[in-house]
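Derivation of every value follows stated rules applied to the coordinates shown; laboratory data play no part. For clarity, every value in this text was computed on a predicted model and none was experimentally measured. Neighbour counts are summed over all protein chains in view; Cβ atoms, including those assigned to glycine, are modelled from backbone coordinates with ideal geometry.
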Amino acid sequence: MKLVIYPGTFDPITNGHLDIIQRAVLMFDYLLVAVTDNPAKNPLFSLAERVLMIQNSISDKKNISIESFRGLLVDYAMEKKACAILRGLRATLDFEYEFQMALINRKLAPDIATIFLMTHEKYTYLNSTIVKEIARFGGNISCFVPPIVEQKLKEKFKPI
Ligand code: PNS
């Protein structure tokens, strides 16, 4: 069974991430969405909140599961017997970072490939940081994120 891991901070999940998930699940036997803590990014949502939002955003979970992990991605990928790590690529902006990460991961675990899927062009400008910024100032984010994320962001930034 070919299991692919789709790792990320997902703070929060966006429609761009969901587009990658929907396309990748058709290519592999099993897709594991792996959410990590990433304290360097100072996430707005807790790990548990991020996992819950992803679970809520994917209706058909026949061959998808969502988990969290701590530590090195390659260690987790080996533990799960993943054949590949999947990452979405938006534009040249992502490339250097993704290239470095893929090469380091290959050095650490030569048997695990990193595979990239080009983001749909309608999501090339989208990322979680931009969405949080728009939400913080009360902008409309309904076309960028699933309904549960819109609701949770509204709660986070509710005026007190
Ligand atoms: O969604 P992001 O923040 O771009 O995802 C980055 C992520 C989580 C894939 C990366 O930071 C990661 O793999 N973190 C786990 C720790 C690790 O293995 N670091 C070395 C990777 S080069």
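Structure above, values below:
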item: Qualifying residue in segment 40-51 (condition: touching a residue at least 60 places away in the same chain (Cβ under 8 Å) and more than 16 Å from the ligand (Cβ to nearest atom)); result: no
item: Considering residues of segment 65-83 that are surrounded by 19 or more Cβ atoms within 10 Å (Cβ to Cβ) and aliphatic (A, V, I, L, M) only, the residue nearest to the ligand (Cβ to nearest atom); result: L73
item: Within segment 52-64, considering residues that are in a loop (DSSP other than H, G, I, E, B) and not charged (D, E, K, R), the one nearest to the ligand (Cβ to nearest atom); result: I58
item: Pair list, Cβ under 8 Å, 6 or more apart: segment 63-91 residue polar (S, T, N, Q), other residue part of a helix (DSSP H, G or I); result: S68/L47; S68/A48; S68/R50; S68/V51
item: Test: residue in segment 5-22 that is β-branched (V, I, T), more than 11 Å from the ligand (Cβ to nearest atom), at negative phi and over 11 Å from the mean Cα position of the chain (by Cα); result: no
item: Unmet criterion (only one of (1) over 30 Å from P147 (Cβ atoms); (2) surrounded by 15 or more Cβ atoms within 10 Å (Cβ to Cβ); (3) not aliphatic (A, V, I, L, M)) for F95; result: (2)
item: Residue under evaluation K158, criteria (1) in a loop (DSSP other than H, G, I, E, B); (2) surrounded by 17 or more Cβ atoms within 10 Å (Cβ to Cβ); (3) of a type in the set (D, E, K, R), criterion not met; result: (2)
item: Matching residues in segment 36-64 - criterion: being surrounded by 15 or more Cβ atoms within 10 Å (Cβ to Cβ), among the hydrophobic types (A, V, I, L, M, F, W, C) and over 19 Å from G16 (Cα atoms); result: L47
item: In segment 13-42, the residues that are part of a loop (DSSP other than H, G, I, E, B) and β-branched (V, I, T); result: I13, T14, V25
item: Flag for D111 being over 19 Å from V131 (Cβ atoms), near the ligand (Cβ under 10 Å from one of its atoms), free of Cβ contacts under 8 Å to residues at least 60 places away in the same chain and of a type in the set (D, E, K, R); result: no
